[in-house]
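Just so it is clear, none of the values below were taken in a lab; they were calculated from the coordinates. Just so it is clear, the model here is predicted, and its values are computed rather than measured. All Cβ positions, even for glycine, are placed from backbone atoms using ideal geometry, and neighbour counts span all protein chains on display.
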């Protein structure tokens, strides 16, 4: 358009632009939307009134904004997203996937913890959303099922107990879990196992539900499909789920034993579950290749086996026997890693009834410089012998015992604990001690290292503790004197299975040689020599610590041996033990109070139980106690109680880490690149839990006894003479036998009760069946009674109808009879009429046409 004005011609656009106000560029265009406006508009599109395609697009857009604008999306769109999840997810998989992923982002607590918990609490205000999620798990669509599992895992991580409560109320909860556990797609199945681990955590009810719905079978199928213990992380997670279903759940444990699955635990470790006792374990079980993942998987299997053994309550079933033998073979005659051997020994029951002395195992030893790829098969030996050998010398006959690694010491401590459990019965103790009595032409062994000697004292203390008969028998042991002998590979060995092996004859001793010393005298001399060695000025710090450990080992054994044994106290004092104890207590410059504290304790034990006549009596010891100071002795024992090496000992914590090196030594190691790994850390043993428990139980008795006069009665509750000790021992034997008889009777009663319970259960089932049949008969009778009443009513109705029918039939017959009479009458009238007409016609009278027609009609009708 062109406009001409005052002789000028101009363009309309330029004219209008010249008169337009000078606003900022782009001001007339629509202002840009903020994120809040966009989220608000997208939230409005989530309404069910909009089209499904619009809702899908809105959810996908909100998913893109959820990470950066989590709070705004949660405040405006969370209710709409839940509605979409409830209404559209089952219809449209794409919108369901987008909604689930968006909700998962909003409830995630990694980046915004408080905001994630806030959104989670809103989602879990009621059970509707959780029930919808378990319903979606039934959907076979990959993306829907996977996103649902991820979102459930997030909710369980944030608010596990609430989700667990909603699961128990969901109608399709257990069925949906079983469906995803048997999904053929690995990603779905793996995510399902992770979710199930969180779902069953600390919820016995959910554990029972999943177990009885077939959870064990599904999980074991997964383990087998993944390759058993050779599998990867998925097999480990599945085994962890099995452990979670069984741990602290006696109901599931009982149910699991009734399934055919327990033997599979042995099979996973390649151990035959039905292997007879006289047959050796197969080599493919004893020698395997191990890596960290296989170790983790096998550790879970061993943990499940130990749990089932401990929960069996001493019952000697075939399953428990197979599990126990598998653990024993694994710990004593295989090449499994050291931590797994330690775990296997620790899981053996405290009331070990397994015949260790009757089981023959075949140990293996690695060939040097082969990196564990070649192994030598050693001579078969009883499991008890191999156990003692393991405790004294370490794994594989002490190949790495000089390194004194923490893992190796923990294994040896576990072996000591198993030995303690095995020798709880006096018959076993006395049999072993009888085998240690002096034999003719016995050859002494080499001087063992400190750790082996320490563990030997622990084993010997387990044989003597609380058994006067064992202590009396031990005083007759006279070991051969130590002397240099050729290196023949001999080791200190406890012959528990009969007479010791034959040894080559030794040269005849000279007549001037002293008679062999008793074991108690040798211990006193060794204690004196060790105390002198630790006090030398040229002793290094590490060497002094080793001498301290050796002294502690002797003192711990002596304190338990001398307790309640006046005869042993007399022999120890006559052998010069009193001077050794007093000298150690008098060392005022001593920084480490652990040795003086133990010496004070042993001195108190000697004073308490010195009740037999001899050169050193209570009256002789009493002035020494006054010179040392009773308060000083009590203070030394108190310092021992507060020592970390004493306080840190527990039932499963015997091995302590060795103190770290000094700063200069540590720097030197770093410069040489000799930094220690976790597996190469050193450890040490000072006390075992049995001694710590013994010391705590008798500490106050010794403390009171130190203040007693020489002629005062013993402050302990025990007997004061050998006769009373023997009397108490005999009473203990009687009590133990009675206890055994009571346990046997209880087992018989339990068996009879279980049999009676089964019979009662059968009778109850029969009664219930008869009751149900009676109820059915009663219902039939009631139904038949009702039918009789109905039949009677029907019969009455039939009778009434029959009477009515008879009446109607009579009326009908009467009507028919009347009709027949009328017809007869009509015929007679008609015939008479015809006759009359014929007469009229014959008489020549006129007959009307109607009458004639009637006659014709009558003729036709006729």
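Tabulated values for the structure
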quantity: Amide N of region 596-618 lying under 13 Å from the label point, which is placed 7 angstrom from the Cα of residue 643 along Cα→Cβ; calculated: 596-602
quantity: Chain lengthening between residue 128 and residue 291 when straightened (0.36 nm per residue, less Cα-Cα); calculated: 54.1 nm
quantity: Region 35-176: Rg to Rh, with Rh as the Kirkwood radius over Cα pairs; calculated: 0.94
quantity: Ranked 699, 607, criterion: other C-beta atoms within 10 Å, fewest first; calculated: 699, 607
quantity: Spacing of the two label points (7 Å from each Cα toward its C-beta) at residue 283 and residue 825, in nm; calculated: 13.1 nm
quantity: Highest-first arrangement of 317-329, 93-105, where packing means the average Cβ count within 10 Å; calculated: 93-105, 317-329
quantity: Full-extension gain in nm, residue 620 to residue 50, via 0.36 nm per residue minus C-alpha separation; calculated: 194.7 nm
quantity: Relative compactness, region 266-370, computed as alpha-carbon Rg over 2.2 N^0.38 Å; calculated: 1.04
quantity: Average Cα contact separation per residue, region 31-131, under 8 Å, 6 or more apart, as relative contact order %; calculated: 24 percent
quantity: Sorted peptide list for 294-306, 262-274, criterion being average Cβ within 10 angstrom, highest first; calculated: 294-306, 262-274
quantity: At q = 0.14, 0.19, 0.21 Å⁻¹, base-10 log of I(q)/I(0) for region 350-400 (Debye sum, equal scatterers on each alpha carbon); calculated: -0.42, -0.70, -0.80
quantity: Cα→Cβ-extended label distance, 7 Å offset, between residue 35 and residue 741, nm; calculated: 8.4 nm
quantity: Per-pair calculated FRET efficiency, R0 = 51 Å: residue 765 and residue 795 via Cβ, rounded to 0.05; calculated: 0.70
quantity: Proxy reagent accessibility, fewest Cβ within 10 Å first, across 369, 688; calculated: 369, 688
quantity: Fewest-first ranking of 795, 645, using other Cβ atoms within 10 Å as the exposure measure; calculated: 795, 645
quantity: Mean shadow area of region 99-198, taken as a quarter of the surface of its Cα convex hull (nm²); calculated: 5.7 nm²
quantity: Size-normalised alpha-carbon gyration radius of region 96-146, reference 2.2 N^0.38 Å; calculated: 1.21
quantity: Virtual spin-label span in nm between residue 805 and residue 583, 7 Å along Cα→Cβ; calculated: 13.2 nm
quantity: Highest-first arrangement of 566-573, 624-631, where packing means the average Cβ count within 10 Å; calculated: 566-573, 624-631
